[in-house]
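The values are calculated or read from the model by the stated rules, or taken from the named source; none is laboratory data. Keep in mind it's a predicted model, so treat the numbers as computed, not measured. Here the Cβ positions follow ideal geometry from the backbone for every residue, glycine too, while neighbour counts run over all protein chains shown.
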């Protein structure tokens with residue numbers, strides 16, 4: 001089966017106060033064309049669809065039109081990123097589902113939506129869905145006040161790794177197994193426009209947490225397209241357009257990959 005992986009659209013991003021909505025419309029339209037031309041069977045969007053947690057109506061129109069255009073080609077699975085408003089996405093999720101777009105905004109048990117099982121191009125696929133989890137969302141508030149920085153960072157890494165293991169323990173030999181996550185994987189390189197508080201290595205996910213039973217790990221959070229060393233193929237698709245002047249060296253792209261059990 002063929003998969004298209006994208007992330008970090010950041011619709012609503014301004015450039016010196018000027019709207020970039022037309023740029024985003026053009027890029028997302030081109031992405032849908034790529035999906036059709038490449039005959040993809042599944043689309044993964046690994047978070048940060050929006051630039052802000054309070055997007056304006058125009059930004060919402062751009063994002064939802066982009067998702068539905070992709071869904072005309074193939075089913076679309078989305079995880080929320082740290083820029084996205086989980087509650088707003090949850091509110092529209094039932095409507096998006098009618099258009100072949102499934103959204104996950106919260107961590108869930110595998111049998112309660114944490115793993116999406118889908119037929120893609122006649123191939124059974126399991127996708128472990130891991131939206132962004134903040135340090136406050138995974139490390140108790142009392143520990144944040146009490147423990148040293150190295151203890152907190154290790155606790156975050158350990159607990160996020162445990163979530164990945166729980167979501168992927170049901171990966172089977174006769175299915176295509178994929179992880180879709182919005183997180184900072186240790187070994188990744190920032191692209192210039194990320195929020196540093198969410199990308200420093202003090203709060204990272206070990207690439208070793210992703211099992212060899214996964215054929216592909218689709219990540220979002222870093223804006224530079226890149227592979228991360230690990231037991232399987234781990235990749236940031238990067239942003240589909242340069243988001244600020246700090247990203248002029250980045251190559252904007254989506255990733256298309258062929259997978260089999």
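Of all the residues that make up the range 169-185, how many are closer than 17 Å to residue 132 by Cα and touching a residue at least 40 places away in the same chain (Cβ under 8 Å)?
Quick first cut of the range 169-185, residues closer than 17 Å to residue 132 by Cα only: 178-185.
Now restrict to residues that are touching a residue at least 40 places away in the same chain (Cβ under 8 Å): 178-183, 185.
Number satisfying all stated conditions: 7.
Can you tell me which residue among 258, 174, 244 is modelled with pLDDT under 95 and surrounded by fewer than 23 Cβ atoms within 10 Å (Cβ to Cβ)?
Working: 258 fails: modelled with pLDDT under 95; 174 fails: modelled with pLDDT under 95.
Going through 258, 174, 244 in turn, just one is modelled with pLDDT under 95 and surrounded by fewer than 23 Cβ atoms within 10 Å (Cβ to Cβ): 244.
Going by what's in this entry, would residue 219 be described as in contact with a strand residue (DSSP E or B) (Cβ under 6 Å, 6 or more places away or on another chain), more than 30 Å from residue 23 (Cβ to Cβ) and either surrounded by fewer than 17 Cβ atoms within 10 Å (Cβ to Cβ) or modelled with pLDDT of 95 or more (or both)? So that I can check it myself, show each step before the final result.
Working: in contact with a strand residue (DSSP E or B) (Cβ under 6 Å, 6 or more places away or on another chain): yes; more than 30 Å from residue 23 (Cβ to Cβ): no; either surrounded by fewer than 17 Cβ atoms within 10 Å (Cβ to Cβ) or modelled with pLDDT of 95 or more (or both): yes.
No; evaluated as a whole, the condition is false for this residue.
Look at residue 133 and say whether it is under 18 Å from residue 163 (Cβ atoms), at pLDDT below 95 and under 15 Å from the mean Cα position of the chain (by Cα).
Working: under 18 Å from residue 163 (Cβ atoms): yes; at pLDDT below 95: yes; under 15 Å from the mean Cα position of the chain (by Cα): yes.
Answer is yes for this residue.
Which of the residues spanning the range 96-105 are crowded, with 21+ Cβ neighbours inside 10 Å and out of contact with any helix residue (DSSP H, G or I) (no Cβ under 8 Å at 6 or more places or on another chain)?
Correct list: 104 only.
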